[in-house]
1. My understanding is that a pair violates if its Cα-Cα distance is over 24 Å; which of LYS20/LYS161; LYS89/LYS175; LYS89/LYS192 do that in this structure?
2. For region 90-196, run through the GluC sites (Glu not before Pro) and keep only the ones in DSSP coil with at most 11 other Cβ atoms within 10 Å of their Cβ.
3. Only four residue types carry charge here, +1 at the Cβ of Lys and Arg and -1 at the Cβ of Asp and Glu. Report the dipole size of the chain about the Cα centre in Debye, rounded to the nearest 20.
4. Arrange ILE36, ILE136, ILE180 by Cβ neighbour counts within 10 Å, fewest through most, would you?
5. Find the relative contact order for the chain and round it to a whole percent, using C-alpha pairs within less than 8 Å whose residues are 6+ positions apart.
6. According to the square roots a ≥ b ≥ c of the eigenvalues of the Cα gyration tensor, what is the shape class of the chain, taking rounded for a/c under 1.5, prolate for a/b larger than b/c otherwise, and oblate for the remainder?
7. Separation of region 60-128 and region 140-201 by C-alpha centroid, Å?
8. Need one number: nm distance between label points at VAL99 and HIS68, each 7 Å from Cα along Cα→Cβ, rounded to one decimal.
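Every number here is computed from the coordinates shown, using simple stated rules; none is lab data. Computed from a predicted model, the values in this text were never measured in an experiment. FYI the Cβ positions are ideal-geometry reconstructions off the backbone, even for glycines, and counts take in every protein chain you see.
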Amino acid sequence: MIFQIPDFFRPLLGDMIWRKSPKEKVIYLTFDDGPIPELTPDVLNILDEYNVKATFFCVGENVKKFPHVYSQVLSRGHRTGNHTFNHIKGVFIPVQDYVKNVQLAAQYIQSNLFRPPHGLISRSQRKALENDYQIIMWDLITFDYNVNITPDAIMDLIKRKSRNGTIVVFHDSLKAEKNIRAVLPQALEFWKNEGYQFRVL
């Protein structure tokens with residue numbers, strides 16, 4: 001698994017945002033795939049406990065099904081981004097269909113931020129979206145949804161790979177539930193003890 005794509009390789013993948021300023025001791029915490037009633041409210045409660053704001057890349061279908069949960073994300077001061085309507089894998093879908101799916105999600109998610117599910121997006125899809133969206137990737141992906149990765153292993157990764165300007169990916173999804181509940185408070189404690197601040201994208 002590649003938790004952190006090498007810096008020198010990133011420009012070759014296109015004009016996308018992988019990391020923010022390396023001059024500022026700031027973590028940009030992001031959550032993909034929600035919102036869902038089983039986990040997102042608890043994630044919000046943990047973030048409130050530590051007075052941290054994050055960016056949630058939401059699936060339009062989930063926002064449509066659970067608007068009350070989506071409203072909680074916004075009302076508690078977090079930012080949201082578009083993560084397509086059906087969590088589709090971009091490279092396997094024609095450009096027009098991909099854009100239509102993003103536009104459908106945009107009916108429920110008002111944001112100029114977009115993150116492609118699975119990190120998969122073709123050059124032509126990126127070109128079709130870049131006038132309307134900042135395309136956000138990540139500096140560190142936790143793979144918290146993988147049941148074969150333990151909370152201790154995720155924390156070890158976070159301690160080794162966090163740096164100034166890191167955009168971190170967690171998931172507010174059922175697959176990630178066990179790891180999120182165990183890791184998120186520990187990670188927030190670690191970053192705060194290390195002197196990091198937190199900002200939304």
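1. Numbers: LYS20/LYS161 15 Å; LYS89/LYS175 18 Å; LYS89/LYS192 35 Å.
Cα-Cα > 24 Å for LYS89/LYS192; rest within.
2. GLU194
3. Numbers: 25 positive and 21 negative charges, 101 e Å.
Dipole size: approximately 480 debye.
4. Details: ILE36 18, ILE136 22, ILE180 25.
Arranged by neighbour count, lowest to highest, ILE36, ILE136, ILE180 become ILE36, ILE136, ILE180.
5. Values: 373 pairs, mean separation 66.9, N = 201.
Relative contact order comes out at 33 percent.
6. Details: a/c = 1.60, a/b = 1.21, b/c = 1.32.
The shape class here is oblate.
7. Rounded to whole Å, the Cα centres lie 22 Å apart.
8. 3.8
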